[in-house]
């Protein structure tokens with residue numbers, strides 16, 4: 001039997017997918033988010049949302065759009081949300097189709 005030659009594969013030769021960081025929010029987006037957050041805090045501090053309710057502000061992970069929710073403080077159930085979940089899903093799907101990263 002003849003000896004068999006074995007060559008090693010270098011790790012650098014294997015293609016790895018590039019991971020890109022999401023784009024940073026613009027100055028205007030940060031200012032808008034701060035103003036919405038301050039308004040939400042004011043609504044909660046004055047009790048304007050109603051007894052047993054609170055308003056929350058967050059950013060949707062897929063679309064990076066602001067989301068406002070009215071939540072029942074006892075059950076943590078979302079009573080209403082702007083924009084609605086189905087619109088966020090449509091925006092996320094459109095972003096995927098167009099390849100828009102921001």
R0 = 22 Å: FRET efficiency of residue 92 with residue 54, Cβ-based, nearest 0.05?
0.30
Determine the gain in length on full extension of the stretch residue 46-residue 80; use 0.36 nm per residue of separation and subtract their C-alpha separation, reporting nm with one decimal.
10.3 nm
Normalising by the residue count of region 26-98, find the relative contact order in percent from Cα pairs under 8 Å and 6+ residues apart.
20 percent
Given just the C-alpha atoms of region 23-102, how large is their convex hull per residue in cubic angstrom?
86 Å³
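Quick note: the coordinates plus some simple rules give every number you see, no bench work behind them. Everything numeric here is computed off the predicted structure, so don't read it as measured data. No Cβ is skipped: glycine too gets one built from the backbone with ideal geometry, and neighbour counts run over all protein chains shown.
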